[in-house]
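The values are calculated or read from the model by the stated rules, or taken from the named source; none is laboratory data. Not measured: the values here are computed from a predicted model. We place every Cβ from the backbone using ideal geometry, glycine too, and count neighbours over all the protein chains shown.
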Amino acid sequence: MNWYVIYTKSRYEKAVADKLALSRIEVYCPLLKRKKLWSDRWKWVEEPLFRSYCFVSLDDQDRDRVFSVPGVVRYVYHCGKPAVIRDKEMDLLKSWLMQYDHDSIVAENLNVSDRIRIRSGALMDKEAEVLESKGNYALLLLEDLGLQVKVDLRKNIVEKIRVS
């Protein structure tokens, strides 16, 4: 059994994960708890860590089963093959989400093409390239996961990697 990355319709991550689980497919949709201001109150909500992505663990011959669930768009490919995430990386991602607080605040001026290391939160110790930096947010390319991630710099500690 391998862990594969599936791409979902926008804002379908949790619904897809629930329906895949009902279909007896092992699925993981990493969620972050965030405090959001509604019109009349603050409320805790769970948001996907990776927008439009879920992870499924299944045998290669069973990969087509995910398409029976509404909201599943396609598998994410890397080098012409469906991207496979190692068990070790999935376990690490799960443990990060359980162990680390996302309320730490440190920001540094980031420029496009800067190399950075994430020092807190769910992606701690991951290296990335800055694709875009606007205000309190940075769009990062996590090359080893093959994903682009938008990071709130008010809630994550990042540091530039000094190139000598």
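Data for the structure
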item: Residues of region 38-62 that turn out to be surrounded by 15 or more Cβ atoms within 10 Å (Cβ to Cβ) and modelled with pLDDT of 90 or more, as a count; result: 7
item: Lone qualifier among Val27, Val73 - being touching a Ser or Thr at 6+ places or on another chain (Cβ under 7 Å) and of a type in the set (Val, Ile, Thr); result: Val73
item: Filter result for Lys35 (modelled with pLDDT of 95 or more, over 20 Å from Leu142 (Cβ atoms) and not polar (S, T, N, Q)); result: no
item: Matching option when the condition is at positive phi and of a type in the set (Ser, Thr, Tyr), among Ser95, Ser23, Ser52; result: Ser52
item: Near pairs, Cβ below 9 angstrom, 6+ apart or cross-chain, from region 58-84 (without any contact (Cβ under 8 Å) to a residue 60 or more places away in the chain) to any residue that is in a helix (DSSP H, G or I) and of a type in the set (A, V, I, L, M, F, W, C); result: Leu58/Val66; Arg65/Leu20; Val69/Ala15; Val69/Val16; Val69/Leu20; Val69/Leu22; Pro70/Ala15; Pro70/Val16
